[in-house]
Amino acid sequence: MIEDKVYAASSILVVGAHAFDAEVIAGPLAAAAVKRGASVTFLHLTMGEQGHPCLVPAHYCVQKEEEAGRAAGRLGVTLRSLGLHDAFLPSDDETALKVCDVVRELKPEVVITHWHGSWHKDHRAAAHLTQTGIFFAALPTIARDHAAHTPSLLLFGENWEDDDGFRPEHLVDVSDGFDAWTEAVREYELARGLSSFPYVDYYSALYRLRGCLRGTRHAQAFAAASHSWNAGSGLFAPPAGKGSSR
C-alpha cells in the first residue's frame, strides 16, 4: 500500500514550483510523516515572487522567504530553495541537474511533486524537472558532488491548478498533520486573503473530502508514476536483496 511506503520512509523530498505549492500538495502528509520520525525537505524551485498585486518581486521574494521559513517550522520540515525566477522557471537539463544534486545529497526514499497536467507553466516545468532530476540522480556515470541515488517512490500531489488528467489513485491518511498544516499555510499572506482564490477553504474541504473516501478524518490524494517509469528509473538500482555502495 502506498500509504505504508510513504510512512515507512526515513527521508521525503517535496518539490514545488513556488513557495506555498509544496505546502498544499504535501503539507499535511509532511507534518504527519515528521511525527512518525521522517526527515522531510521542501524544495522551492522559486519563491513565487511575481504573485503580489502591489509589491515588486524583489520585496515579495523577501516576504515569501520569511513566510516559507515560518511555515516550515510549524510543519517540522527542512527548507531548501533554488532561487530561480518565478514565471520563468526553465525546464532544461541544467536546472534538472540542480534537482539531481538535491536528490543525491538527501537520498529520499519518496519524492513528491506537481502533476504535469497544469495550466501553469512553472508547475509543468517542476514536474518535468523532478522526473529528469531523478533520472540523472540514478545514473552512476554522471559525476556530481554526491553518489548516485534512486528514490523508491515518485508521487504527484493534488493541486487545483494541476487538474488536467489528474486521477486520485492513492488516498493517504494525513489526519495527524492537518492541524499543523492549518497553522503553517496561514503564515502566508497568500492564504490570508491576498488572492481571490480561497486556498484555506478549498484545501481544508478537499482534505476532508478525501478523508471521507479514505475512511479517516483527513487524507491527501496522489497519482503515482507509471509502471514503465518506475521500471526505467530502477535500472541502475542494485538488484533486490543486495546492498548498495552508493
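Bear in mind that the values in this text are calculations on the coordinates, not laboratory data. In this text the structure is predicted, and so the values were computed from the model without any measurement. Here Cβ is always computed from backbone atoms with ideal geometry, including for glycine, and neighbour counts include all displayed protein chains.
Tabulated values for the structure
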item: Residue tally, condition among the aromatic types (Phe, Trp, Tyr) and surrounded by 19 or more Cβ atoms within 10 Å (Cβ to Cβ), over the stretch 84-105; result: 0
item: Looking only at the stretch 11-33, and only at residues there that are within 8 Å of the chain's Cα centre (by Cα) and part of a strand (DSSP E or B), the one that is surrounded by the fewest Cβ atoms within 10 Å (Cβ to Cβ); result: VAL14
item: Boolean, LYS35 is basic (Lys, Arg), touching a residue at least 60 places away in the same chain (Cβ under 8 Å) and out of contact with any strand residue (DSSP E or B) (no Cβ under 9 Å at 6 or more places or on another chain); result: yes
item: Complete set of residues in the stretch 106-134 that are touching a helix residue (DSSP H, G or I) at 6+ places or on another chain (Cβ under 7 Å) and buried (at least 21 other Cβ atoms within 10 Å of the Cβ); result: VAL110, VAL111, ILE112, THR113, HIS114, TRP115, SER118, LEU129, THR130, GLY133, ILE134
item: Pick from the stretch 117-161, criterion part of a loop (DSSP other than H, G, I, E, B) and charged (D, E, K, R), ranking: nearest to ALA30 (Cα to Cα); result: GLU158
item: Positions within the stretch 92-133 being among the small types (Gly, Ala, Ser) and under 12 Å from the mean Cα position of the chain (by Cα), in sequence order; result: ALA126, ALA127
item: Tally, over the stretch 135-159, of residues that are more than 21 Å from ALA8 (Cβ to Cβ) and in contact with a helix residue (DSSP H, G or I) (Cβ under 7 Å, 6 or more places away or on another chain); result: 10
item: Near pairs, Cβ below 6 angstrom, 6+ apart or cross-chain, from the stretch 211-227 (touching a residue at least 60 places away in the same chain (Cβ under 8 Å)) to any residue that is among the polar types (S, T, N, Q); result: HIS218/SER175
item: Helices (runs of 4 or more DSSP H) completely within the stretch 171-236 that count 3 or more residues being of a type in the set (Asp, Glu) and surrounded by fewer than 21 Cβ atoms within 10 Å (Cβ to Cβ); result: none
item: Qualifying residue in the stretch 140-147 (condition: in contact (Cβ under 8 Å) with a residue 12 or more places away in the chain and surrounded by 20 or more Cβ atoms within 10 Å (Cβ to Cβ)); result: no
item: Matching residues in the stretch 38-54 - criterion: being of a type outside the set (A, V, I, L, M), in contact (Cβ under 8 Å) with a residue 12 or more places away in the chain and not in a strand (DSSP E or B); result: GLY48, GLU49, GLN50, GLY51, HIS52, PRO53
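This table checks each residue for (1) surrounded by fewer than 17 Cβ atoms within 10 Å (Cβ to Cβ); (2) under 13 Å from GLU23 (Cα atoms); (3) out of contact with any strand residue (DSSP E or B) (no Cβ under 9 Å at 6 or more places or on another chain).
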| position | (1), (2), (3) |
| --- | --- |
| PHE42 | no, yes, no |
| THR46 | no, no, no |
| GLY51 | no, no, no |
| VAL56 | yes, no, yes |
| TYR60 | no, no, yes |
| ARG70 | yes, yes, yes |
| LEU75 | no, yes, no |
| THR78 | yes, yes, no |
| LEU82 | no, no, no |
